[in-house]
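Have a look at the structure below before the remarks.
The values are calculated or read from the model by the stated rules, or taken from the named source; none is laboratory data. In this text the structure is predicted, and so the values were computed from the model without any measurement. All Cβ positions, even for glycine, are placed from backbone atoms using ideal geometry, and neighbour counts span all protein chains on display.
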Amino acid sequence: MTLVTARALGVGYGTTVVVSIPEFVIAAGDRLAITGANGSGKTTLLKTLAGLLPRVAGELSAPPPGRGGAVYVHPAPFLFVGTGDENVLLGAHGDREAARRAIDALGAAAFSRADVRTLSHGQRQRIALARAIAAAPALLLVDEPETGLDAGGLEAWSTVVATWPGAIAIAVPEHRIQNTEHRILRLAAR
Amino acid sequence: MTAVFDALRLIVSGDAEVWAITAVSLFVSLSALLLATLAGVPLGYALAHARGRAAGALSSIVHTLTALPTVVVGLLLYFMLSASGPLGWMDLLYTRVAMIVGQTVLALPIVAALTLVAVQRLPAAAFETAASLGLGRLTRLRVLLREAHAAVASALLLAFARVFTELGAAIILGGNIRGETRTLTTVIALEHTKGDDARALALGLILMAIALAVNAGVHSRWLRKPS
Amino acid sequence: MTTRLLPAAAALAALVSCAPPPSVLRIATTTSVDNSGLLEAIVPHFERESGVDVQAIAVGSGRAFQIARRGDASLLLTHEPIGERALFDDGLVRYYRKVMFNRFVIAGPAANPAGVRASESASDAMTRIVRSGALFVSRGDESGTHAREKSLWAAAGARPRPAHLIETGQGMSATLRVASSRQGYVLTDEATLARLAGAVTLVAIYTGDPALLNTYAVAILTTARPARNEAADRFAQWLAEGAGQAHIDAFRISGRPVFFRWPDGVDRTAPESTPAGVPR
């Protein structure tokens, strides 16, 4: 099923358009890699698709933010005060089973009980991703997932990518975009 | 110097009146802090999210009210609670309740203003993550306040320090009645005018000791940096 | 948001219901009455037999009159005839009785440089102090004591010159301490002087003039809260005409009596009334 349709979509801040995309569609099961130079609007586009930023121009139809809808993950993972378990439980909206499954999917069970302030960058990213998938998003938007993950994390993440029923759109820096099976959307800075 | 020894002797001897006065101080100020927190934290949180000129004006007013002189609060409430005033029917003047009301008025702006600042200063990513995960309004409130807990704890600590050590509202609204509305600060003032230095100093030392203990307690529990 | 409103509403309801019951009686009196310790000593007797909780708000005379006029206290215990007469003039008095009296004394350094002991009257004593250029320490705070000082100066037709006058603007205890350390003369009530006997080097030098008598009266005003009138009446009766009189008589500071019950036969109903003879 189609999750996102966009036509002449202009994304940016306020009334300023940072980048414009003529037309695209995202359906369930799609894997999209958004790439471009720094400042080309990758984060802006992802946040707009996530419903965190209003679109500046054009038409956009996308799932609303939240459980079962569109969920966005920051590039430098933002975790709330507490433990990994508490963070993922928030994503799961209290469903402990769903939280447990998400943590296992990212291989984070070993350190999920620790205070997040003691975790390495790679571990934090795994928790952030687990929290996102615990919300069972139809559209998962991850900003540069591969940049900070360690080997174990990358492996877990590729399993998620392979098996996730919904759509996944990730941002990838231009110099990293090679050997990907994702559909590529290249952004050119204005 | 002898006054200091007299003071210490008074504290150690367990003088019943001294401890009764201390209990009244704590009861009044902690009650006021509780009420100020119940009302002020949600207010600060709401103001942090509000947009528009009315909200901006209200935030300014709240910030300005943090500097209310204690005697002014005491006087204004006195006129309202007096038997010949609009709220005289409540018969609250010269009771501990009146003192609690006065101190709540002093504490509330501090709690609200500092909570407002604390929430505003949270990183954008905190708000974005909460929105993106679709957290419910109450969950969001709980999570964001938890994020700002160090700053909110500081706010409560400051509000407590302000009301625990204030004199103006307590003495005007309480009347310094023996066995009823005497607090550490009001009795220090009384003993000073009577010329009894030993007692005044003893109470002053207790006042400082409690203020320090509360500070140290909150710091070690909530404001510690991770090792 | 409602889960925050509920505890707040409950707290407010609890606050409102906290008004004290009618068995609490608030009285307004002066700091000197309170500081003498008299109330602390005799009121418990009344509280035990009546079940009334008597709470005393002790402030300066001016404030005490204000509190009673506004109805924030049900009973007034003062020693200021001018302020008391003003209550009558304003038609506010429902009950008024003289309760007791005590004495002012002129105290000073044991050396007594102004030769006050041989004075023939209070105004004579003041004249001697002014003429000798001795130091006089005044309360200067518009209190009853201060008012008495001013009336004595008026009667004497003489006032200490600024260089020989210190106005402390404070209560009796603080003023006595200043007088003691500066070795000056001071007008004081006997009770406070007796209480501070160990802390000051002043001695009582002259007393006995009717002009130095300080009379205390209890008043209940029409502005008092009706719910408390019964308790107020009861306490006033007890103090002015009942068992309280004996307790006043029995009160001692350092073994000395400092208050005297109102003598029989002397009018109790006018603020200007004073007992003629004085016990020595």
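So, in the range C:168-207, of the ones that are buried (at least 16 other Cβ atoms within 10 Å of the Cβ) and charged (D, E, K, R), which residue ends up farthest from the other protein chains (Cβ to nearest Cβ)?
The selected residue is C:Glu190.
Would you be able to tell me the number of residues in the range B:17-46 that are small (Gly, Ala, Ser), in contact (Cβ under 8 Å) with a residue 40 or more places away in the chain and more than 14 Å from B:Arg162 (Cβ to Cβ)?
Result for the range B:17-46: 4.
Taking interchain pairs and intrachain pairs at least six residues apart, which have beta carbon atoms under 8 angstrom, with the first residue in the range B:61-83 and within 14 Å of chain C (Cβ to nearest Cβ) and crowded, with 16+ Cβ neighbours inside 10 Å and the second part of a helix (DSSP H, G or I) and among the basic types (Lys, Arg)?
Note: pairs meeting the criteria are B:Ser82/C:Arg70; B:Ala83/C:Arg70.
Among the residues of the range B:134-149, which ones are free of Cβ contacts under 8 Å to residues at least 60 places away in the same chain, more than 8 Å from chain A (Cβ to nearest Cβ), surrounded by 14 or more Cβ atoms within 10 Å (Cβ to Cβ) and of a type in the set (A, V, I, L, M)?
Within the range B:134-149, B:Ala148 is the sole residue that qualifies.
What are the pairs, 6+ residues apart or on separate chains, where a residue within the range C:129-156 that is more than 16 Å from C:Ser119 (Cβ to Cβ) has its Cβ under 7 Å from a residue that is basic (Lys, Arg)?
C:Leu135/C:Arg182; C:Val137/C:Arg182; C:Thr145/C:Arg139; C:His146/C:Arg139
Those residues that are within 20 Å of C:Ala111 (Cβ to Cβ) and aliphatic (A, V, I, L, M), I need them from the range C:128-162; list them, please.
C:Ile129, C:Val130, C:Ala134, C:Leu135, C:Val137, listed by residue number.
Could you tell me how many of the residues in the range C:31-53 are closer than 16 Å to B:Gly175 by Cα and under 10 Å from the mean Cα position of the chain (by Cα)?
Counting residues in the range C:31-53 that are closer than 16 Å to B:Gly175 by Cα and under 10 Å from the mean Cα position of the chain (by Cα) gives 5.
All but one of (1) within 26 Å of B:Ile171 (Cβ to Cβ); (2) more than 25 Å from the chain's Cα centre (by Cα) hold for B:Leu76; state the number of the condition that does not hold.
With respect to (1) within 26 Å of B:Ile171 (Cβ to Cβ); (2) more than 25 Å from the chain's Cα centre (by Cα), B:Leu76 is out only on (2).
Listed here are the residues, each with its yes/no results for (1) of a type in the set (A, V, I, L, M); (2) under 21 Å from A:Val161 (Cβ atoms); (3) touching a strand residue (DSSP E or B) at 6+ places or on another chain (Cβ under 9 Å); (4) surrounded by 18 or more Cβ atoms within 10 Å (Cβ to Cβ).
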| site | (1), (2), (3), (4) |
| --- | --- |
| A:Ala27 | yes, yes, yes, no |
| A:Gly36 | no, yes, yes, yes |
| A:Gly39 | no, no, yes, no |
| A:Thr44 | no, no, yes, yes |
| A:Val71 | yes, yes, yes, yes |
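Would you list the helices (runs of 4 or more DSSP H) that sit entirely within the range A:85-190 and hold 1 or more residues that are within 23 Å of A:Lys42 (Cα to Cα)?
A:121-134, A:151-163
With the requirement that a residue be touching a helix residue (DSSP H, G or I) at 6+ places or on another chain (Cβ under 6 Å), over 15 Å from C:Ala174 (Cβ atoms) and of a type outside the set (Val, Ile, Thr), what does the range B:166-197 give you?
Selection gives B:Glu166, B:Leu167, B:Gly168, B:Ala169, B:Ala170, B:Leu173, B:Gly174, B:Asn176, B:Arg182, B:Leu184.
Kindly indicate whether B:Thr115 is closer than 22 Å to B:Glu180 by Cα, more than 14 Å from chain A (Cβ to nearest Cβ) and touching a residue at least 12 places away in the same chain (Cβ under 8 Å).
No.
If you check every pair at least six apart or on different chains, which have Cβ atoms under 9 Å apart with a residue in the range A:39-52 that is farther than 17 Å from B:Ala131 by Cα first and a residue that is buried (at least 21 other Cβ atoms within 10 Å of the Cβ) and charged (D, E, K, R) second?
Short answer, once both residue conditions are applied: A:Lys42/A:Asp143.
With respect to B:Leu93, determine if the residue is more than 10 Å from chain A (Cβ to nearest Cβ), touching a Leu at 6+ places or on another chain (Cβ under 7 Å), without any contact (Cβ under 8 Å) to a residue 60 or more places away in the chain and not acidic (Asp, Glu).
Criteria not met by B:Leu93.
Within the range B:163-176, can one find any residue that is without any contact (Cβ under 8 Å) to a residue 12 or more places away in the chain and either β-branched (Val, Ile, Thr) or assigned to a helix (DSSP H, G or I) (or both)?
no
Please state which of the following conditions C:His45 fails to meet, knowing it meets all the rest: (1) touching a helix residue (DSSP H, G or I) at 6+ places or on another chain (Cβ under 8 Å); (2) buried (at least 23 other Cβ atoms within 10 Å of the Cβ).
(2)
Among the candidates A:Leu154, A:Leu141, A:Leu106, single out the residue that is within 14 Å of another protein chain (Cβ to nearest Cβ) and either buried (at least 17 other Cβ atoms within 10 Å of the Cβ) or not acidic (Asp, Glu) (or both).
Exactly one residue qualifies, and that residue is A:Leu141.
Going through the range B:12-47 one residue at a time, which ones are surrounded by fewer than 20 Cβ atoms within 10 Å (Cβ to Cβ), more than 12 Å from chain C (Cβ to nearest Cβ) and among the aliphatic types (A, V, I, L, M)?
Within the range B:12-47, B:Val12, B:Ala16, B:Val18, B:Ala20, B:Ala23, B:Leu26, B:Leu30 meet the criteria.
In the range C:214-233, what residues are out of contact with any Gly (no Cβ under 9 Å at 6 or more places or on another chain) and surrounded by fewer than 19 Cβ atoms within 10 Å (Cβ to Cβ)?
The answer is C:Pro226, C:Ala227, C:Asn229, C:Glu230, C:Asp233.
If I go through the range A:46-69 residue by residue, how many of them are surrounded by fewer than 20 Cβ atoms within 10 Å (Cβ to Cβ), within 14 Å of chain B (Cβ to nearest Cβ) and of a type in the set (S, T, N, Q)?
0
Please pick out the residue among C:Ala86, C:Ala68 that is more than 16 Å from C:Gly244 (Cα to Cα), assigned to a helix (DSSP H, G or I), modelled with pLDDT of 95 or more and within 11 Å of chain B (Cβ to nearest Cβ).
Going through C:Ala86, C:Ala68 in turn, the sole match is C:Ala68.
Working carefully through the options C:Gly51, C:Gly37, find the one that is in contact (Cβ under 8 Å) with a residue 40 or more places away in the chain, surrounded by fewer than 19 Cβ atoms within 10 Å (Cβ to Cβ) and more than 10 Å from every other protein chain (Cβ to nearest Cβ).
Result of the check over C:Gly51, C:Gly37: C:Gly37.
Quick one: how many residues across the range B:124-133 are closer than 25 Å to B:His63 by Cα and more than 7 Å from chain A (Cβ to nearest Cβ)?
2
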